[in-house]
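**Student:** Provided herewith is a single structure, encoded as structure tokens, for subsequent inquiry.
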Amino acid sequence: MQELIFWLIFSVVAATLIITQTVALTERPTVPQLTKVELPDLRKKDANAQLIYENEILSEKLSKFLEGKVIIYSLGEFSGPTFNEKSVREGAQQIAFQGLIVHLETVKKNLIEQLVSIFNAEKGQIISVKIAELFDQLYQRIPFDEVLAVTYRIWKKSNGEVATYYYLVIFDDEYARILIESVATDLIQELQSYGISFSDLWRKAINKYAEQIKLQNQ
């Protein structure tokens with residue numbers, strides 16, 4: 001049911017994005033092509049790592065509908081005794097979630113920098129605190145919201161009595177933006193009163209994150 005809800009929301013968001021990008025094509029800056037960076041595939045690095053789960057629906061979406069879209073992902077790895085594989089899997093998943101939070105800290109910083117540059121120091125600080133609180137709420141949802149952080153692939157490797165699991169988790173930034181806008185209506189309206197679109201600020205923060213990651217990988 002949660003996955004169905006995710007794809008219903010995703011379809012609406014995707015359609016909205018297509019319309020928006022078509023209307024404003026000449027006004028928007030070039031979007032970093034981060035999806036051209038290959039997502040981690042443990043099979044290519046370690047022949048002993050077996051792919052035991054793949055979200056095939058997400059695979060199709062990534063190949064067809066998200067070309068050119070920034071992808072925020074994290075790969076979590078955890079090892080432990082084979083007699084307690086459940087804990088090992090959960091450990092790998094939690095590490096992947098923690099990795100997402102590290103990436104989102106960069107997005108948060110980019111977003112706050114934009115707001116500070118727009119307002120005076122006092123106003124910028126007040127809004128920055130609100131943004132930080134909203135991101136904290138996102139972080140709390142990540143382990144429990146399968147729509148916000150989608151498990152894309154899981155690999156397993158066994159070595160005697162030791163098992164290693166790898167979780168590749170992808171963050172849905174558009175769904176995250178919708179969540180923020182739904183709980184922070186006062187902030188969104190306040191920004192609108194200044195002629196500022198939160199959606200535009202969010203997209204610029206994501207794009208800057210992509211540029212930063214690209215530079216790190218060079």
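The values are calculated or read from the model by the stated rules, or taken from the named source; none is laboratory data. On a predicted model such as this, the values are computed, not experimentally measured, just so you know. For the accessible areas, the whole protein counts, side chains as well, though only heavy atoms, and no ligand, DNA or RNA atoms are used. Shrake-Rupley method; radii C 1.70, N 1.55, O 1.52, S 1.80 Å.
**Student:** Plugging the Kirkwood radius over Cα pairs into Stokes-Einstein for the range 147-218, at a temperature of 20 °C and a viscosity of 1.002 mPa s, what D comes out in µm²/s?
**Tutor:** 139
**Student:** Moving to a separate point now. I need the semi-axes of the equivalent ellipsoid of the range 46-103: take the C-alpha gyration tensor, multiply each eigenvalue by 5, square-root it, list largest first in whole angstrom.
**Tutor:** 26, 16, 9
**Student:** With the full set of protein chains in place, find how many percent of the accessible area of the range 42-208 is carbon and sulfur; take the probe as 1.4 Å.
**Tutor:** Carbon and sulfur together cover 50 percent of it.
**Student:** Quick one: length gained pulling VAL116 to GLN94 fully straight, 0.36 nm per residue minus the C-alpha distance?
**Tutor:** 4.7 nm is the gain from fully extending VAL116 to GLN94.
**Student:** Given the pairs LYS69/LYS108; LYS64/LYS204; LYS130/LYS204; LYS156/LYS204; LYS108/LYS156, which are separated by over 25 angstrom at their Cα positions?
**Tutor:** LYS156/LYS204; LYS108/LYS156
**Student:** Quote to one decimal, in nm, the extra length available between GLU85 and ASP136 on full extension: 0.36 nm per residue of separation minus the C-alpha distance between them.
**Tutor:** Extra length from GLU85 to ASP136 when fully extended: 15.4 nm.
**Student:** How much accessible area does LYS109 have with a 1.4 Å probe, in Å² rounded to the nearest 10?
**Tutor:** Result for LYS109: roughly 120 Å² accessible.
**Student:** Further question: Give me the accessible area of ARG141, 1.4 Å probe, in Å² rounded to the nearest 10.
**Tutor:** Surface open to solvent at ARG141 totals about 100 Å².
**Student:** Here is a further query. Could you tell me the extents of the range 42-208's C-alpha atoms along the three principal axes, largest first, rounded to whole Å?
**Tutor:** 61, 33, 24
**Student:** Accessible surface of THR185 in the full protein assembly, 1.4 angstrom probe, to the nearest 10 Å²?
**Tutor:** Solvent-accessible area, nearest 10 Å²: 70 Å².
**Student:** A further question follows. Report the extension gain between GLN218 and LYS45 in nm, rounded to one decimal, defined as 0.36 nm multiplied by the number of residues separating them, less their alpha carbon distance.
**Tutor:** Length difference between fully extended and current span is 60.3 nm.
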